[in-house]
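Step one of this worksheet: look at the structure below.
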Amino acid sequence: MTNSALFRQMDDLEGNLSMAQRLRIREQVIQEGANFERYVELLQRELNGEPLND
């Protein structure tokens with residue numbers, strides 16, 4: 001997936017989550033030292049009600 005596609009997906013996903021949810025996910029990504037793709041993956045998991053940790 002291209003960066004622009006990831007950004008569009010991120011915008012769509014973030015629009016459906018609360019600020020608290022987005023901040024919790026960002027915190028996890030920082031703690032993991034993860035990349036942008038992981039952030040988008042976690043946004044999707046949160047929307048699907050899936051656990052954020054593998």
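Taken together, the values in this text are just the output of simple stated rules run on the coordinates, not laboratory data. These numbers come from a predicted model, not from an experiment.
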Take the alpha-carbon positions of the chain, form their convex hull, and give its projected area averaged over all directions (one quarter of the hull surface) in nm².
3.6 nm²
Take every Cα pair under 8 Å in the chain that's 6+ residues apart, average their separations, divide by the length, and report that relative contact order as a whole percent.
39 percent
